[in-house]
1. For region 11-62, what does the relative contact order come out to in percent, with C-alpha contacts under 8 Å and a separation of six or more?
2. Cα-based Rg (one decimal) and Dmax (whole number) for region 11-62, in Å?
3. To the nearest 0.05, what FRET efficiency results for Y48 and L4 with a Förster distance of 30 Å applied to their C-beta separation?
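What follows draws every value from the coordinates through simple rules; no lab data is involved. Everything quoted here is computed from the prediction, not taken from an experiment. Using ideal geometry, Cβ is built from the backbone for each residue, glycine included, and neighbour counts are taken over all protein chains shown.
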Amino acid sequence: MLVLSRQRDQSIMIGDDIEITIVDVRGDKVRVGINAPRQVSVHRKEVYEAIRRENEESASAEKPNGPQSKQAGQ
């Protein structure tokens, strides 16, 4: 993990098109602004993990039944 120190209004670039800016620092809370291309999903980690869990549950629920195959002669 790369750890960087930044102050308010300073930014970090990820690749050529993702910019993370420190918007505010108050006590133990830091507000960040994220500027990323529209096709890049940006979520808080707890939201990302909930989405991932739901997707895994949905995929595992679909696999056992699979697509219904027609029997010969029907």
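1. On the way: 39 pairs, mean separation 11.4, N = 52.
About 22 percent, as a whole number.
2. 15.2, 47
3. Values: r = 21 Å, r/R0 = 0.71.
Once the sixth-power term is evaluated, E becomes 0.90.
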